[in-house]
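Every number here is computed from the coordinates shown, using simple stated rules; none is lab data. Please read all numbers here as calculations on a predicted model, not as lab measurements. Don't worry about glycine lacking a Cβ; one is built from the backbone with ideal geometry, like all the others, and counts go over all protein chains shown.
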Amino acid sequence: MDIPDVGHTVVKQPNASNVNTVSVADVLAAQARLRRYLTPTPIHYAERFGVMLKLENLQRTGSYKVRGALNAMLVALERGDNRPVICASAGNHAQGVAWSAYRLGIQAITVMPHGAPVTKVAGVSHWGATVRQHGQSYDEAYTFACELAEQNDYRFLSAFDDPDVIAGQGTVGIEITAHEPDVVIVPIGGGGLASGIALVLRSQGVRVIGAQVEGVDAMARAIRGDTREIAPVSTLADGVKVKIPGFITRHLCANLLDDVVIVREAELRETLVRLVLEEHLIAEGAGALALAAGRRVAGKRKCAVVSGGNIDAAVLAKLLSEVRPRPPRKPRRRSADRPNNCGNLPLPFN
């Protein structure tokens with residue numbers, strides 16, 4: 001799937017001797033690389049929410065993360081770099097790296113914090129990557145992974161602060177353009193997905209809104225100028241639990257996002273349960289975040305990115321037993337809904 005000529009918007013990493021750039025052209029190049037390995041994920045119209053859902057929970061490994069990991073590894077091979085790859089991840093990036101390494105025949109080592117969801121740890125091991133668990137947070141795992149990379153000459157692959165990873169994540173935005181949204185809502189942890197999508201969609205005149213959880217809002221604070229490390233609270237959205245956002249992504253998000261919406265934990269839990277009960281879709285906490293923010297975002301054709309679906313069965317069962325969502329509003333009967341007058345009904349996006 002191609003998009004029209006969108007120019008060559010370039011964002012540079014400021015005040016750095018080794019300047020990194022990410023452009024729309026890089027995203028288009030990533031799309032060409034990934035076409036051989038990954039297929040576009042579907043768009044589903046969630047009528048009770050009034051929102052289109054980009055279903056990255058149906059992507060390989062259950063998350064969009066495989067896009068960035070695979071693109072970065074393919075770029076490295078093009079440059080002749082076939083060293084073992086190491087990454088730090090709360091789970092989904094590790095699975096993306098493991099799957100990509102398996103497909104490309106590269107050794108992969110993943111560092112995951114203690115307490116990472118069992119389903120994500122199992123997913124990494126399934127594809128043959130070495131799993132090292134260290135620390136209680138992504139940031140502690142990150143520090144340890146960097147040390148191992150330096151000691152063993154591994155290639156460290158950031159979960160979000162890497163131009164090739166950002167370009168790979170941006171291919172989600174290319175696929176969304178065909179459905180002509182006027183606003184797209186994206187969950188934010190380190191900012192790789194939001195940066196890549198915003199790079200593509202803002203060039204098309206589409207508003208892009210970030211979504212974060214209350215108390216896990218490092219990017220929103222950084223955009224306001226507060227770049228201090230935060231102490232994230234406990235949250236269902238473990239995939240976005242980041243103390244410090246990326247350097248490259250921070251500047252991309254500051255330049256390209258229209259706003260960042262902060263969601264309460266209770267809203268997130270309710271939205272995840274409603275996705276299961278009303279739309280029959282399984283999402284992890286971070287995967288339901290954009291949709292939870294959707295009620296606070298104005299737009300006639302809203303699209304929320306369901307970024308992943310790797311949730312432990314026990315966690316999901318507990319949520320379904322504890323959370324009682326409010327009944328959805330009954331739809332208003334409009335003239336377009338009457339028999340023989342269906343021209344203005346919402347289009348199905350599946």
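Some observations on this one:
- Dipole of the chain, positive direction: furthest Cα of Ser23, Ser195, Val306, with charges on the beta-carbon: Val306
- Placing dummy labels 7 Å off each Cα toward the beta-carbon, the span from Ala266 to His179 is 3.0 nm.
- Label-to-label distance for Arg326 and Thr39 is 3.9 nm, based on points extended 7 Å past Cα in the beta-carbon direction.
- Label zone at Asp153, where the point sits 7 Å out along the Cα-to-Cβ direction: region 64-89 residues whose backbone N lies under 19 Å: 76-87
- GNM on the chain, alpha-carbon springs under 10 angstrom: the most fluctuating residue among Ala29, Ala220, Ala194 is Ala29.
- Of the residues Ala220, Val121, Val165, the one whose Cα sits farthest toward the positive end of the charge dipole of the chain, with +1 on the Cβ of Lys and Arg and -1 on the Cβ of Asp and Glu, is Ala220.
- Set of aspartates and glutamates near Lys300 by C-alpha distance (under 15 Å), chain-local residues within fewer than 8 positions excluded: Glu47, Glu180, Asp182
- Top of Arg36, Arg264, Arg202 by mean-square fluctuation, Gaussian network on the chain, Cα under 10 Å: Arg36
- For the chain, dividing the convex hull volume of the Cα atoms by the residue count gives 134 Å³ per residue.
- Region 65-156 - charge dipole about Cα centre, Lys and Arg +1 at Cβ, Asp and Glu -1, debye rounded to 20: 380
- Using a Förster distance of 35 Å, the FRET efficiency for Gln133-Ala317 (Cβ separation, nearest 0.05): 0.90
- Dipole of the chain, positive end: most advanced residue of Phe49, Ile244, Gly210 [Cβ charges, Cα centre]: Phe49
- Three-way shape label, region 65-156, alpha-carbon gyration tensor, a/c 1.5: oblate
- Dividing the helix sum by the residues of the chain, where each DSSP H run of 4 or more adds -39500 (n - 2.57), gives a mean residue ellipticity at 222 nm of -12000 deg cm²/dmol.
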